[in-house]
Amino acid sequence: MAKRGSRPFDVVLLGATGFTGGLTAAELARRAGPGCRWAIAGRDRGRLDAVRQQLAATRPELAELPLVVADVGDAAAMRDLAASTRVLATTVGPYLRYGEEPVAACAAEGTDYVDLTGEAEFVDRTWLRHHRQAERSGARLVHACGFDSVPHDLGALFTVEHLPEGAPLTVHAFVRTDARFSGGTAASALGFLGRIGPARRAARDRRRLEPPPRREVHSVKGPWREQGAWVLPFPTLDPQIVARSAAALPRYGPSFTYSHSIVVGALPVAAGAVVGAAAVTALAQVAPVRRFVEGRVPAGSGPSAERRAKSRFEVRFHGSGGGRRVVCRVAGGDPGYTETSKMLAESALCLAFDELPEVAGQTTTAIAMGHALTERLVAAGLTFEVVEEGPDLGG
């Protein structure tokens, strides 16, 4: 990791002209302190200047915010960009398509890196290609610094810290949200569903090369009902991120079991969700269908400010172990954009300015930032709270 003052910038945001990138730029404008040297980057100077003008409309001092023109497909430009900053945050996705050069550059230059990916294959492939180089350079490569997977990773950590130490622990997570998605999210999801085979091969290759975990970590299917509603397993990147944090951090006990589910409501809704998910997965295997859907929801689009203002998320964590039980809650507003941009901005600032553990290589938010990032997010308006605790009468 680069020392403060050793480079022109503390934080550079790559992809600031996109939908989520613009929201993240606005969050950095609100949250970066007066001593933070930051810049926005992208391939089109005119669009970057338009973003800067929007920021300056409410923060006149940002009229001179530095702009960096750089294309994610240009390896030399990415190396120059990574060498200019201590932390690079990127919103340019789908990451399997556009993410290779930025993360490679950060691993080579010792630059801390954060992104918003929910693409498991991308995370596994960057570990295979760049983890060892990042360990040598001191770079912290932290994927999934938005709704994928900050609330779940930090929420699981928050939960186990309210259970006895030294005992096997179990946490069941239940996700509720009413949010809409953007074109970029749709493209990432379709890309993931259309690459199930390559994703499995990348995961297998990583398991073969990765050192054994410090403790047993089990991913399971959780209870099928939560607060009277039906739930389904939620096949996202989140359980893998939580499992990697649990495998590395001692607070998760001698063994740790985790389930990750989404609350869908009444039984007919759950049945419809299963059928719909199967149909979408099947259609995603057909390239012309994927391209058609991507064209119908173009990248750079997203829900309106009015719609985002009405959206909410909540994740309830049911933890047990050592004769105790606890229910914790992580909650906030619109998860995909309003809160995701907040999480990414705070992750970048946390890496740049906070006292953190000495880690390097590809890592997770809980391992790299933990309490420091949780405190930032609470100060930014997210909720981390205990709602129930007591003896585990069933354990």
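The values are calculated or read from the model by the stated rules, or taken from the named source; none is laboratory data. On a predicted model such as this, the values are computed, not experimentally measured, just so you know. Cβ coordinates were reconstructed from backbone atoms using ideal geometry, including for glycine residues, and neighbour counts include every protein chain displayed.
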>> Among the residues of segment 128-157, what is the count of those that are touching a strand residue (DSSP E or B) at 6+ places or on another chain (Cβ under 6 Å) and surrounded by fewer than 24 Cβ atoms within 10 Å (Cβ to Cβ)?
In response: 2
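Yes/no matrix, rows are residues, columns are (1) without any contact (Cβ under 8 Å) to a residue 12 or more places away in the chain; (2) farther than 18 Å from Phe9 by Cα; (3) among the small types (Gly, Ala, Ser):
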position	(1), (2), (3)
Pro34	yes, no, no
Ala39	no, no, yes
Ala50	no, yes, yes
Gln54	no, yes, no
Pro66	no, no, no
> Across segment 1-58, what is the total count of residues that are of a type in the set (Ser, Thr, Tyr), assigned to a loop (DSSP other than H, G, I, E, B) and modelled with pLDDT of 95 or more?
Replying inline: 1
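Output the residues belonging to segment 366-395 that are in a loop (DSSP other than H, G, I, E, B), surrounded by 14 or more Cβ atoms within 10 Å (Cβ to Cβ) and at pLDDT 95 or above. Step through it out loud before you land on a result.
Restricting attention to segment 366-395, the residues satisfying the condition of being in a loop (DSSP other than H, G, I, E, B) are 369, 380-382, 392-395.
Narrowing further to those that are surrounded by 14 or more Cβ atoms within 10 Å (Cβ to Cβ): 369, 380, 382, 392.
The answer is Met369, Ala380, Leu382.
Kindly indicate the residue of segment 352-365 that is in a strand (DSSP E or B) and within 14 Å of the chain's Cα centre (by Cα) and also surrounded by the fewest Cβ atoms within 10 Å (Cβ to Cβ) among those meeting that condition. Give the derivation first.
Let us first name the residues in segment 352-365 that are in a strand (DSSP E or B), namely 361-363.
The next check asks that each one be within 14 Å of the chain's Cα centre (by Cα); those that pass are 362-363.
On the way: Gln362: 28, Thr363: 22.
Among residues in segment 352-365 that are in a strand (DSSP E or B) and within 14 Å of the chain's Cα centre (by Cα), the one surrounded by the fewest Cβ atoms within 10 Å (Cβ to Cβ) is Thr363.
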>> Looking at segment 326-351, I want the residues that are surrounded by fewer than 24 Cβ atoms within 10 Å (Cβ to Cβ) and at pLDDT 95 or above and have a partner that is among the polar types (S, T, N, Q) and outside any helix (DSSP H, G or I) with Cβ atoms under 6 Å, at least 6 apart or on another chain. Which pairs are those?
In response: Ala331/Thr383
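If we scan segment 66-78, do we find a residue that is closer than 21 Å to Gly22 by Cα, part of a helix (DSSP H, G or I) and touching a Cys at 6+ places or on another chain (Cβ under 9 Å)? It would help to see each step written out before you state the result.
From segment 66-78, those closer than 21 Å to Gly22 by Cα are 66-73, 78; that's our starting set.
From what's left, part of a helix (DSSP H, G or I): 78.
Cutting the leftovers down to touching a Cys at 6+ places or on another chain (Cβ under 9 Å) gives us 78.
Scanning segment 66-78, I find at least one residue that is closer than 21 Å to Gly22 by Cα, part of a helix (DSSP H, G or I) and touching a Cys at 6+ places or on another chain (Cβ under 9 Å), so the answer is yes.
If I ask for residues that are over 15 Å from Arg195 (Cβ atoms), part of a helix (DSSP H, G or I) and either touching a residue at least 60 places away in the same chain (Cβ under 8 Å) or not aliphatic (A, V, I, L, M) (or both), which ones from segment 99-125 would you list? Working first, answer last.
Taking segment 99-125 as the starting set, the residues that turn out to be over 15 Å from Arg195 (Cβ atoms) are 101-116.
Going one step further and asking which of them are part of a helix (DSSP H, G or I), we end up with 101-109.
Listed by number, the residues that qualify are Glu101, Pro102, Cys106, Glu109.
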